[in-house]
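First, the structure itself, so that you have it in front of you.
The values are calculated or read from the model by the stated rules, or taken from the named source; none is laboratory data. Source: prediction; values computed, not measured. Every residue, glycine as well, gets a Cβ built from its backbone with ideal geometry; the counts of neighbours run over all protein chains shown. Each accessible area value is taken on the protein alone, full model and side chains, heavy atoms only, with ligands, DNA and RNA left out. Shrake-Rupley method; radii C 1.70, N 1.55, O 1.52, S 1.80 Å.
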Amino acid sequence: MGGGSGDGGGLMHKTRSALIVTGRVVNEAVSFIIFSILDLLDFILCFVYKVADFFFEAEWKPCYCSSAKEAITSSGKILVSEKGESKIVRLSSSKIHLEEISDTLYARPSLVSEVSIVTVNELKRLKLERAMMRSCKKIKRARVRSTFTINSTIVEMLQGKIGGQQSHPIHRWSDCDCKLCTSWSSSCKETLFVKADGARADKAREDVLFIHGFISSSKFWTETLFPNFSSNAKSNFRLFAVDLLGFGRSPKPTDSLYTLREHVDMIERTVLEQHKVKSFHIVAHSLGCILALALAVKHPGSVKSLTLLAPPYFPVPKGEQATQYVLRRVAPRRVWPPIAFGVSMACWYEHISRTICLLICKNHRLWECITKLITRNRIRTFLLEGFFCHTHNAAWHTLHNIICGTAGRLDAYLDAVRDQLKCDVTIFHGKDDEVLPVECSYNVKSKIPRARVKVVANKDHITIVVGRQKAFARELEEIWKRSSG
């Protein structure tokens with residue numbers, strides 16, 4: 001009897017293993033076919049949007065389908081590519097800025113891109129050699145000791161701005177032009193939208209900065225946590241929730257590259273400087289965790305506590321190119337699970353993702369109306385508002401320049417938090433999170449041993465806050481009390 005039971009268990013185990021392997025093979029085969037078709041579709045859409053942009057805006061708009069050029073531009077910004085990382089060097093009369101640009105913007109391997117790149121490179125080889133020779137002469141005269149690789153799209157996007165023109169508040173034809181999405185363009189102030197609550201400036205003991213994640217808004221916090229904080233917390237803390245650059249009601253400049261520096265500078269200018277914030281706690285979700293770490297490292301003596309929800313940290317194996325490794329981890333080009341398929345569409349396809357924004361974001365008022373009629377659920381409605389109110393330019397560049405572009409720098413940030421900051425570090429992660437695996441939070445703890453990790457059962461990337469806002473509000477108050485004490 002016992003032997004028969006053991007044989008049956010062994011057979012079940014073998015059957016399960018065979019089904020898992022078969023499922024993986026089928027997933028990979030179907031994914032290869034589907035993504036090969038999407039590669040071709042994105043290639044076709046590139047030309048469609050070229051024509052549409054010229055028709056609606058009377059000029060050709062750059063995209064990242066063109067191959068990288070080895071040349072030096074006189075526009076005032078130079079893309080420097082070294083050791084797998086790219087930087088924009090901004091030349092001005094007073095200082096030089098380094099803006100991190102992810103090479104995943106213009107180097108995402110696919111069948112169509114590989115064929116087109118080989119063809120274009122062969123046709124342009126002689127021309128590029130001449131350009132490189134001229135560039136080398138300029139480099140020598142400028143005494144610059146580096147190897148430069150220029151992406152023509154970035155240069156084109158920056159030429160107008162560097163030429164002395166102001167940021168372009170006018171929206172693209174494919175972006176929404178409603179009052180909510182364009183309210184920032186009527187103001188002369190280039191600051192983020194901030195929702196403030198809690199104590200008055202003269203009564204506040206400390207401040208709290210809330211940073212939302214990708215394609216979200218300040219409502220992720222203000223509609224969930226803010227109403228659930230105790231009167232004691234609101235009488236002792238000033239609460240600031242921002243809409244990040246390019247999202248919600250904040251500015252959405254068409255000529256911005258939405259780099260880490262731009263995001264951090266806007267938060268500093270809008271919150272820390274304008275509201276004279278000296279000592280503060282940070283609560284950040286998903287992509288916002290990267291901005292939180294950058295802020296904490298920049299203001300080590302001011303940060304009292306770091307609370308990170310689902311931080312997107314993937315340690316890069318030795319020998320791997322950081323940006324490309326994180327791109328493959330975040331967006332694995334698989335049709336299953338569905339969330340992986342959706343993220344892959346957003347990360348790998350510039351023109352398909354623009355089409356999705358055109359259909360959904362430009363018509364967000366219609367989708368919100370339909371959602372309200374069907375669900376009559378306020379929570380879902382405000383989440384949709386956060387999801388809809390952004391431009392493709394903002395989402396595309398933020399995704400690549402923050403998630404992928406900072407991959408090679410996160411280790412240094414985490415080391416700095418561990419060694420230079422004394423603040424409390426707490427990490428929350430939903431056990432059922434399919435966007436970012438729980439291992440990301442444990443990866444952070446491996447770098448910062450003092451960090452506390454709490455994995456919440458039956459919660460995912462969104463419900464780690466939404467649906468448990470009362471409990472989470474109490475947990476945050478305990479963190480602030482402990483850190484302040």
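Residues with amide H under 5 Å of residue 452's amide H, sequence separation 5 or more or different chain, H placed in the peptide plane at 1.01 Å from N; which?
The list, which skips near neighbours in sequence, is 425, 426, 427.
Let me ask another. List every residue whose amide H lies under 5 Å from the amide H of residue 211, counting only residues 5 or more places away in sequence or on a different chain, with H placed 1.01 Å from N in the peptide plane.
283, 284, 285
In a solvent-free Debye calculation with one equal scatterer on each Cα, what is log10 I(q)/I(0) for segment 383-424 at q = 0.21, 0.32 Å⁻¹, listed in the order of the q values?
Debye intensities relative to I(0), on a log10 scale: -0.74, -1.02.
Related question: Which of rounded, prolate, oblate describes segment 425-480, given a ≥ b ≥ c as roots of the alpha-carbon gyration tensor eigenvalues and a/c under 1.5 marking rounded, otherwise prolate only if a/b is larger than b/c?
Cα axes put segment 425-480 in the oblate bin.
Moving on. For the pair residue 431 and residue 26, how long in nm is the line joining their label points, each one 7 Å along Cα→Cβ?
2.8 nm
If you don't mind, there's one more thing I want to ask. Take the alpha carbon atoms of segment 190-220, find their center, do the same for segment 412-485, and report the distance between the two centers in whole angstrom.
Measuring centre to centre over Cα atoms gives 19 Å.
How large is ³J(HN,Hα) for each residue in segment 346-355, as worked out from phi by the Karplus curve 6.51 cos²θ - 1.76 cosθ + 1.60 (θ = phi - 60°), to whole Hz, x for Gly and Pro?
Along segment 346-355, the couplings run 5, 8, 8, 10, 5, 8, 5, 5, 5, 5 Hz.
Something else: For 295, 373, 383, give me the order by solvent-accessible area with a 1.4 Å probe, most accessible first, ignoring ligands, DNA and RNA.
Output order, biggest surface exposure first: 373, 383, 295.
What does the charge count near residue 42 come to, summing +1 for each Lys or Arg and -1 for each Asp or Glu among other residues with Cβ under 11 Å from its Cβ?
So the surrounding residues net to 0.
Got a number for the accessible area of residue 174? Probe 1.4 Å, square angstrom, nearest 10.
Probe radius 1.4 Å; accessible area of residue 174 about 10 Å².
Which shape class, rounded, prolate or oblate, goes with segment 371-485 when its Cα gyration tensor gives a ≥ b ≥ c as root eigenvalues, a/c under 1.5 marks rounded, and past that a/b bigger than b/c marks prolate?
Judged from the Cα gyration tensor, segment 371-485 comes out oblate (a/c at least 1.5, b/c at or above a/b).
With a Förster radius of 35 Å, plug the Cβ-Cβ distance of residue 56 and residue 33 into 1/(1 + (r/R0)^6) and report the FRET value to the nearest 0.05.
Approximately 0.55, to the nearest 0.05.
Can you tell me the FRET efficiency between residue 420 and residue 352 if r is taken as the Cβ-Cβ distance and R0 is 30 Å, rounded to the nearest 0.05?
Calculated value: 0.10.
From the backbone phi of segment 455-465, what are the Karplus-calculated ³J(HN,Hα) couplings (6.51 cos²θ - 1.76 cosθ + 1.60, θ = phi - 60°) in whole Hz, Gly and Pro given as x?
My calculation for segment 455-465 gives 9, 9, 5, 6, 10, 10, 5, 9, 6, 4, 10 Hz in order.
Using a cut-off of 12 Å between beta-carbons, work out the net charge of the residues near residue 433 (Lys and Arg +1, Asp and Glu -1, residue 433 not included).
Neighbourhood net charge equals -2.
With a 1.4 Å probe and every protein chain left in place, work out the accessible area per residue of segment 309-423 in Å², rounded to a whole number.
I get 44 Å² per residue for this part.
Turning to a different aspect of this structure: For residue 180, what is the net charge nearby, where nearby means another residue's Cβ is under 9 Å from its Cβ and Lys, Arg count +1, Asp, Glu -1?
Taking every other residue near residue 180 into account, the sum is +2.
Can you give me the distance in nm between label points at residue 454 and residue 363, each placed 7 Å from the Cα along the Cα-to-Cβ direction?
Result: 4.2 nm between the two label points.
Could you give the length gained on full extension between residue 375 and residue 463, defined as 0.36 nm per residue of separation minus the Cα-Cα distance, in nm?
Values: separation 88, 0.36 × 88 = 31.68 nm, distance 1.76 nm.
Extra length from residue 375 to residue 463 when fully extended: 29.9 nm.
Tabulate in residue order the Karplus-calculated ³J(HN,Hα) for segment 405-414, using 6.51 cos²θ - 1.76 cosθ + 1.60 with θ = phi - 60°, rounded to whole Hz; enter x for Gly and Pro.
x, 9, 4, x, 10, 5, 4, 5, 4, 5
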